[in-house]
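Notes follow the structure.
What follows draws every value from the coordinates through simple rules; no lab data is involved. Just so it is clear, the model here is predicted, and its values are computed rather than measured. When we count neighbours, we look across all protein chains shown, and the Cβ atoms used for this are built from the backbone with ideal geometry, even at glycine.
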Amino acid sequence: MSAPTTSRRLISADSHINEPPDLWTSRVPAEYRERAPRVEHLELGDAWIVEGALDPINFGGNCSAGIPADQRSAWIRWEQVRRGGHEPAARLLDQDADGVDAEVLYPTPRLANQLFWSTTDPEYHLACVRAYNDWLSEFCRHDPTRLWGVAMIPNVGVDDAIAELDRISADGTMRGVLLGRYPSGDEAMTADDDRFWARVEALGLPVSIHVSFATEAQGDKKRMKLTGDMRFFDAPIRAAQFINGGVFDRFPLLQLVLVEVDVSWIPYVKEQMDDRFLRAGTATRAPIAKLPSDYFAENIFATFVTDRYGMANRHAVGVSQILWSTDFPHGGSDWPNSRNTAAAQLDGVPDDEADAIVAGNALRLYAR
């Protein structure tokens, strides 16, 4: 990749917003406002209080881009949160400072996952999901050419998932959808989920899984989380479920985006899945028409921030399936130096391939 220039397009396929404190308390129906996620002023700092979470969910690490490591703290006050996290006009200025043309926008992972965790009240769950999607749609409407929203999909039944999919896709501000679990409600697919895959394929919206499914309650006191330092652990499981479950055979235009999991693991998983498929007896193989690796090449994308090993082996990954990202405004971002970071990651990569990775693949996937 040549030296960074102002002419090269950059599209971050994984960036985030910082949810404003009144997002849910001002938007859910009155009967849920006492329970709605809210920010409270605690001794250490401000944090989200969310029903079912193990601890208050602080947000310092989710807005620390541009702050030196020795000055970062997980516990801060809301007034210290970057305005670009929740004000769209300010976000465009942050993009300009970073040389980024557009961003695909995801929620705060721990906060979003909590809305999917162990749902005991489907109507409350639906109210929270709808409130978030309405707010994000308004945020993106400020400049839909640069602010590309990914809507949450509820997981309390396929009918509700399809209803929300149709509702949020109507105004054109959403470029994709995010799963915390499968629409039917669990970590394993059911036959009923096919109705959702059919509808989302017809709408042409990519389906994202950000790092992992929501498999446990959120909280800082739970250590030993593999998805902290090694975020790719859940991604092969979901890829295998889609491939071996025949989802891409039944819905060949469906696109799955595995977000913030990097790409170095993909060649190994492709090799191993192909090997096991070919070694299995023909009567016991997964009911799929092609080799598993073929579906990675046609139906599965993955995003990275820094992955030099993956870039060195990009052809084994699949250049057309790699999406660059900044993770802004989270601590994994190098804002406002993303152009330099991208150039360093893609040092020696031919311009046509670099252009695809930093912008072209995202344009092809998210064009609406």
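A few comments on the model shown:
- Reduced Cα scattering model of the stretch 120-182, Debye log10 I(q)/I(0), q = 0.19 Å⁻¹: -0.65
- The helix-only estimate of mean residue ellipticity at 222 nm for the chain, built from DSSP H runs of length n ≥ 4 each weighted as -39500 (n - 2.57), is -10000 deg cm²/dmol after division by the residue total.
- Assigned charges on the beta-carbon of Lys, Arg, Asp, Glu; the stretch 20-88 dipole about Cα centre (debye): 240 debye
- Point-charge dipole on Cβ atoms (K/R +1, D/E -1) for the chain, about Cα centre, debye to 20: 420 debye
- Projecting label points 7 angstrom from Cα along Cα→Cβ for Glu31 and Lys290 puts them 4.8 nm apart.
- Structural descriptor for the stretch 14-150: relative contact order 28 percent, calculated from alpha carbon pairs under 8 angstrom and at least 6 residues apart.
- Among Ser73, Ser212, Ser184, the largest mean-square fluctuation in a Gaussian network model of the chain (Cα springs under 10 Å) belongs to Ser73.
- Relative packing of peptides 266-275, 14-23 - highest average C-beta neighbours within 10 Å first: 14-23, 266-275
- Taken about its Cα centre, the stretch 1-127 carries a charge dipole of about 320 debye when Lys and Arg each add +1 at the Cβ and Asp and Glu each add -1 at the Cβ.
- The stretch 67-119-the stretch 296-368 distance, computed between alpha-carbon centres (Å): 20 Å
- Relative contact order of the chain, taken over Cα pairs closer than 8 Å and 6 or more residues apart, is 22 percent.
- Order by protection proxy (mean Cβ within 10 Å, highest first), peptides 289-297, 130-138, 149-157: 149-157, 130-138, 289-297
- With the charge dipole of the chain set up from +1 on Lys and Arg Cβ and -1 on Asp and Glu Cβ about the Cα centre, the Cα lying farthest toward the positive end among the listed residues Gly348, Ala151, Phe242 is that of Gly348.
- Förster radius 30 Å - calculated FRET efficiency between Glu187 and Arg276, Cβ distance, rounded to 0.05: 0.90
- Among Val319, Ser333, Ala302 the positive-end extreme of the charge dipole of the chain (Cβ point charges): Val319
- Between Thr215, Thr120, Thr306, the residue with the greatest mean-square fluctuation in the GNM of the chain (Cα pairs under 10 Å linked by springs) is Thr120.
- Top of Val81, Val257, Val317 by mean-square fluctuation, Gaussian network on the chain, Cα under 10 Å: Val81
- Along its principal axes, the stretch 1-135 has C-alpha extents of 54, 31, 25 angstrom, given from the largest down.
- Stokes-Einstein D in µm²/s, Kirkwood radius over Cα pairs - the chain at 37 °C with 0.692 mPa s viscosity: 157 µm²/s
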